[in-house]
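First up is the structure itself, then whatever we jot down about it.
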């Protein structure tokens, strides 16, 4: 068997896909340039145009208290006295309503709309710098680094205001050493509702009454963590909000006249308590402004904004506190806070609306100029139009001021219009694309897909070809270097991505060309003329049903409705394709044994090997498996989550962790169900392994299967029990519980690691029993004729046949419940090998089982049912594949070789997508199960790699399992061969024994084995790659679509990462198979001297 | 060779298609407020009824059904009873399949069952008429060498087209176009009926086209 060439070829194919994805994503998701300039007091032009130091003037407020209540949704802040039975999160902040209605000129409540992404770090960045975050920043939430752009905190520090901060420690990392005093508390542990809030409350009031501060920022996290942990609709949320109500009241009591109070949420939350996306529930937070002195010149009116964008807080706060607006803010001052005309001699001197807007517009214009000189991504025509607008407005404003008149409301409105259009332009620009890179990415991906297809169809030819990749790789390096050199020569710098693109494309083209030549020579060798086909005629392969289903699946990725309903669409297709299989078998007359119609001439019957009994048995197995498949498909629909676009959808009750379930009976029921399915998972795996005699030896793998697997499941069960216990019910056991929460998953992780290591080191599950009384045996001493074709057969060839047969005899005797029969001295060979027939599949099955358990650990408990369904469906798919192969073989229509047809591979890959949905995942960012990062680490993490990889493993668990188990599609028909052979004999006889050597067939024809393995892997990669290609095309074609950031871009990211994970784990699976092959080879070598000696 | 049979089939298919047409037009004239989308179930049952009546009458008149071995009354009655039983079972079978395909389990049970009735009248009823109440024969007819006569071939095509039509009819359901025909089960039943009509047209045409290559083993 060719081991290394297969791996290298697969690695190279994956690398091509990665390059394509990398290029496309690089062109599709652009990053905004940060402007590292800061405003100074000198460059704020005072109204009227006279120069002077802005900061020296008397600000309207000397001090400010900013209370940030994380995830304070606008629904939480509103108060509706008419509600008789408020839900836990409703009407819990009455103080806001009381104050706004009793003092309308002192206080007001607005909806406060955040820009996506609605993650806390991005939001803090947004409402301190006033800029718009970009899509690519999402990942930074785990390790926030210091903000380099100009921001409020920096400006406050510049003018000498003392900023005191307390709360979420994200701030500390964003603004290191900027605060006068800082009291950070750990924020990462979402299960901890109280540490941050109680820490703040310990200090807040003391600091407020002291005089050692000018701006006080307090960031409460309890509400957000409560949402993540319990969801908004939970009594804990009511408690938390009531606590916040009390906090606001106490703060109100301690406010002085020169102080401004801002109470705000940084983002909202969905109905499940998550955030990160751009649905209105996530973006609409609340902002409450209050001051003991009159804050709003007029009472609420129609002209008040309905919604305040989050960026607007920055210029408003800056002007109210008398500091320059941060350099890169694109916000707009909140007009209701400023008087329409400048009051003459009013005590707290303030800017009028027009003046504030003028300062604001000057600053925004300056930012725009700087930004456009640094980056060329704002469209020039748009830029010149904005600049023309501004110069027109500024001349109009200056002339009005010079004449001493107060600016007209129209001028104010047009200044507002200018600011709004700048913000809209920026928003549109920072989601701009690089079409050349996108096109290159698409081309490389398309080539890679074609290559995958070609390789899968020609695997048998290409496996014989040696050095297929040598020339292309050399050429790719040369081309890459050439492109880099020419770029250096012409532009002065080299862009890595273009070099990669050129290298990838050239190597792909070369491999295609070589494959074409190889096919020609192969066809010439066989002597057939290569079929000539016009380039334009549609190839016939696209019209076979499995590929038609794949085509439909890819097409469905181009429509937002189908992406939204993806879980059901995939289930529908899977169901259709699996129903097609029996229909196709029936169409070929393979499902039912033909009736011996007296009218029919007997010669028409296709083959004499056909035995009606075996066929009937095989068909009924097939139909039973179809039933299991259909059943698990239908049941898996109950584990789906819900997108916000799906209106009347209830997320599966199994998705919420047990600790959220309040009814204790329901809780117990759920727990028992989960435990039962965990037990079933373990039992089924062990049962299979034992059935095929894989649990007899003393190797590492067997140890894993015998001990580590059950231990893991015990760990899992205990962990669920511990994490489901309510915190307050066992106060005296609290320490033990927290220890369990930390230790149990870690033990499980280490067991898993140990199991995987053992599996890698010693993958053989074969048990050899060498009899001591064997010396009599020699090749001449009456060999049983059925074992050898001639007496001149070599010892090694004999051994290859011998051992599996022996193994089979042993297995049967084990099945019958008797102890292994002692072979009688002379005429029986002296080696007995258990588990040799499943030597390849046993480690793969075990790896799949172990990984499944590990991944289950990262999911909510209820998902163990879904995982059990996954295992059942896998088994049913494999068995169906095996049965249909056997049926085809019985009829003699099977082509021979181990090649896996398209239908099972497409079914396999569809099932992976189906279980992605059926384990509660969705291709949207808010639905990512962040809780997975805390399994075993309830205290949070220090790095980012570990939590990120835990979350990735959780998200793509079904992709991982199906990808790892992919080689089983090749092995299963061979594993099931025994049964068919025995069935054919009708029990007892020994004629079928020669056939029943199961996976040892693979060793007998290593060439076919390697070509089949390569074909299977490339087919699986092709199917996944085609889906990535389709979603890439969807994102490229529909990049101006309304839903692009909501549906297509997340789908693309998920599809691409899913492909990454799947391809890596396909490689893992193939590598394991190769490892086993190496081990089997060694085993034979070791065995040979023993037996012949 | 079978010119006469093909002509017979073409004319009977024309009558069946006109039956579907009449089942749409006549209630529209008689029943106030009748429309295919608005009063969908009414339309569905009228089509199913019309198809059933036309099929049974035509196949009885043409005498396509396999010759019965016995002519006793009890035998005939038992055949009739078995046919009815199979039709009922087929309704339940289609209902289950449609639910497994993703139709709501309880909310729209009536609609789902109506679709199952329609599918039964388009497919199983024809099987009963052509092959008699014999499930083995039904299964065998849908294989490559299973067709024993021109009518069997047409049965394959009509049944296949109806089922594929219903399957294709499910495609527009998730789209957000808010059209009246996207409501469950309108698109599926429309798809099934359109597929049925296509099958009615395609079967004689295809047989006529391939009449040189068609051979039936036990003809």
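The values are calculated or read from the model by the stated rules, or taken from the named source; none is laboratory data. From a predicted model like this one, the values you see are computed outputs, not experimental measurements. Quick reminder, even Gly has a Cβ in these numbers, built from the backbone with ideal geometry, and neighbours come from all protein chains shown.
Scan segment B:25-53 for residues that are crowded, with 16+ Cβ neighbours inside 10 Å and within 30 Å of residue B:64 (Cα to Cα) and jot them down.
Scanning segment B:25-53 gives B:43, B:44, B:45, B:46, B:47, B:48, B:50, B:51, B:52.
Please work out which one of (1) surrounded by fewer than 18 Cβ atoms within 10 Å (Cβ to Cβ); (2) modelled with pLDDT of 85 or more is the condition residue A:534 fails and give its number.
(2)
Between A:468, A:451, A:455, which is outside any helix (DSSP H, G or I) and closer than 30 Å to residue A:906 by Cβ? Outline the logic, then answer.
Values: A:451 fails: outside any helix (DSSP H, G or I); A:455 fails: outside any helix (DSSP H, G or I).
The unique qualifying residue is A:468.
Given the condition more than 14 Å from every other protein chain (Cβ to nearest Cβ) and surrounded by fewer than 17 Cβ atoms within 10 Å (Cβ to Cβ), answer yes or no: does some residue in segment B:165-178 qualify?
No, segment B:165-178 contains no residue that is more than 14 Å from every other protein chain (Cβ to nearest Cβ) and surrounded by fewer than 17 Cβ atoms within 10 Å (Cβ to Cβ).
Find the helices (runs of 4 or more DSSP H) located wholly in segment A:909-1011 whose residues include 1 or more that are modelled with pLDDT of 90 or more and under 30 Å from residue A:899 (Cβ atoms), and list them. So that I can check it myself, show each step before the final result.
Working: elements: A:945-955, A:957-964, A:968-975, A:977-985, A:1000-1004.
So the answer is A:957-964, A:968-975.
Can you find a residue that is part of a helix (DSSP H, G or I), within 14 Å of another protein chain (Cβ to nearest Cβ), at pLDDT 85 or above and more than 18 Å from residue A:230 (Cα to Cα) anywhere in segment A:638-660? Lay out the reasoning, then the answer.
First, the residues of segment A:638-660 that are part of a helix (DSSP H, G or I): A:638-639, A:653-655, A:658-660.
Retained after the next criterion (residues that are within 14 Å of another protein chain (Cβ to nearest Cβ)): A:638.
With the extra rule that they be at pLDDT 85 or above, the set shrinks to A:638.
Narrowing further to those that are more than 18 Å from residue A:230 (Cα to Cα): A:638.
Within segment A:638-660, one or more residues are part of a helix (DSSP H, G or I), within 14 Å of another protein chain (Cβ to nearest Cβ), at pLDDT 85 or above and more than 18 Å from residue A:230 (Cα to Cα).
Collect the residues in segment B:12-59 that are touching a residue at least 60 places away in the same chain (Cβ under 8 Å), outside any helix (DSSP H, G or I) and out of contact with any helix residue (DSSP H, G or I) (no Cβ under 6 Å at 6 or more places or on another chain), keeping them in residue-number order.
The answer is B:38, and nothing else.
Does residue B:136 satisfy being within 17 Å of residue B:44 (Cβ to Cβ), surrounded by fewer than 17 Cβ atoms within 10 Å (Cβ to Cβ) and within 14 Å of chain A (Cβ to nearest Cβ)? So that I can check it myself, show each step before the final result.
On the way: within 17 Å of residue B:44 (Cβ to Cβ): no; surrounded by fewer than 17 Cβ atoms within 10 Å (Cβ to Cβ): yes; within 14 Å of chain A (Cβ to nearest Cβ): yes.
Answer is no for this residue.
Could you tell me whether residue A:553 is within 12 Å of another protein chain (Cβ to nearest Cβ), crowded, with 17+ Cβ neighbours inside 10 Å and either touching a strand residue (DSSP E or B) at 6+ places or on another chain (Cβ under 6 Å) or modelled with pLDDT of 90 or more (or both)?
Values: within 12 Å of another protein chain (Cβ to nearest Cβ): no; crowded, with 17+ Cβ neighbours inside 10 Å: yes; either touching a strand residue (DSSP E or B) at 6+ places or on another chain (Cβ under 6 Å) or modelled with pLDDT of 90 or more (or both): yes.
So residue A:553 fails the test.
Does residue B:115 satisfy the condition of being outside any helix (DSSP H, G or I) and more than 13 Å from chain A (Cβ to nearest Cβ)?
On the way: outside any helix (DSSP H, G or I): no; more than 13 Å from chain A (Cβ to nearest Cβ): yes.
Judged against the criteria, residue B:115 is not a match.
Restricting to segment A:557-596, name every residue that is more than 9 Å from chain B (Cβ to nearest Cβ) and within 24 Å of residue A:923 (Cα to Cα).
A:557, A:558, A:563, A:566, A:567, A:570, A:573, A:574, A:577
So is residue A:230 under 23 Å from residue A:317 (Cβ atoms) and surrounded by 20 or more Cβ atoms within 10 Å (Cβ to Cβ) or not? Lay out the reasoning, then the answer.
Numbers: under 23 Å from residue A:317 (Cβ atoms): no; surrounded by 20 or more Cβ atoms within 10 Å (Cβ to Cβ): yes.
So residue A:230 does not fit the description; no.
Determine whether residue A:1043 is modelled with pLDDT under 95 and more than 21 Å from residue A:910 (Cβ to Cβ). Break it down into steps so the answer makes sense when it comes.
Details: modelled with pLDDT under 95: yes; more than 21 Å from residue A:910 (Cβ to Cβ): yes.
Taking the combined requirement at face value, the residue satisfies it.
Going through segment B:193-218 one residue at a time, which ones are within 14 Å of chain A (Cβ to nearest Cβ) and either without any contact (Cβ under 8 Å) to a residue 40 or more places away in the chain or in contact with a helix residue (DSSP H, G or I) (Cβ under 9 Å, 6 or more places away or on another chain) (or both)?
Initial filter on segment B:193-218 (within 14 Å of chain A (Cβ to nearest Cβ)): B:215-218.
The answer is B:215, B:216, B:217.
If we scan segment B:77-85, do we find a residue that is more than 14 Å from chain A (Cβ to nearest Cβ), part of a helix (DSSP H, G or I) and more than 29 Å from residue A:593 (Cα to Cα)? Spell out how you get there, then give the answer.
Restricting attention to segment B:77-85, the residues satisfying the condition of being more than 14 Å from chain A (Cβ to nearest Cβ) are B:77-85.
Keeping just the survivors that are part of a helix (DSSP H, G or I) gives B:77-85.
Those left that are additionally more than 29 Å from residue A:593 (Cα to Cα): B:77.
Checked segment B:77-85: at least one residue is more than 14 Å from chain A (Cβ to nearest Cβ), part of a helix (DSSP H, G or I) and more than 29 Å from residue A:593 (Cα to Cα).
Look through B:105, B:122, B:88 and report the one residue that is buried (at least 21 other Cβ atoms within 10 Å of the Cβ) and either within 14 Å of chain A (Cβ to nearest Cβ) or under 15 Å from the mean Cα position of the chain (by Cα) (or both). Even if it seems obvious, please write down each step before you answer.
Working: B:105 fails: buried (at least 21 other Cβ atoms within 10 Å of the Cβ); B:88 fails: buried (at least 21 other Cβ atoms within 10 Å of the Cβ).
Answer to the check: B:122.
Checking residue A:405 against (1) modelled with pLDDT under 90; (2) in a helix (DSSP H, G or I); (3) surrounded by fewer than 19 Cβ atoms within 10 Å (Cβ to Cβ), which single condition isn't satisfied?
Of (1) modelled with pLDDT under 90; (2) in a helix (DSSP H, G or I); (3) surrounded by fewer than 19 Cβ atoms within 10 Å (Cβ to Cβ), only one is false for residue A:405: (2).
Taking segment A:747-765 on its own, how many of its residues are assigned to a helix (DSSP H, G or I) and surrounded by 15 or more Cβ atoms within 10 Å (Cβ to Cβ)? I'd like the intermediate steps shown before the answer.
First, the residues of segment A:747-765 that are assigned to a helix (DSSP H, G or I): A:747-761.
Going one step further and asking which of them are surrounded by 15 or more Cβ atoms within 10 Å (Cβ to Cβ), we end up with A:747-749, A:751-752, A:754-756, A:758-760.
Looking only at that region, the number is 11.
Could you please find all residues in segment A:187-206 being touching a strand residue (DSSP E or B) at 6+ places or on another chain (Cβ under 6 Å) and in a loop (DSSP other than H, G, I, E, B)?
Matches in segment A:187-206: A:187 only.
Could you check how many residues of segment A:281-305 are within 30 Å of residue A:922 (Cα to Cα) and over 23 Å from the mean Cα position of the chain (by Cα)? Don't jump to the end; show me each part of the working.
From segment A:281-305, those within 30 Å of residue A:922 (Cα to Cα) are A:281-286; that's our starting set.
Now restrict to residues that are over 23 Å from the mean Cα position of the chain (by Cα): A:284-286.
Of the residues in segment A:281-305, 3 are within 30 Å of residue A:922 (Cα to Cα) and over 23 Å from the mean Cα position of the chain (by Cα).
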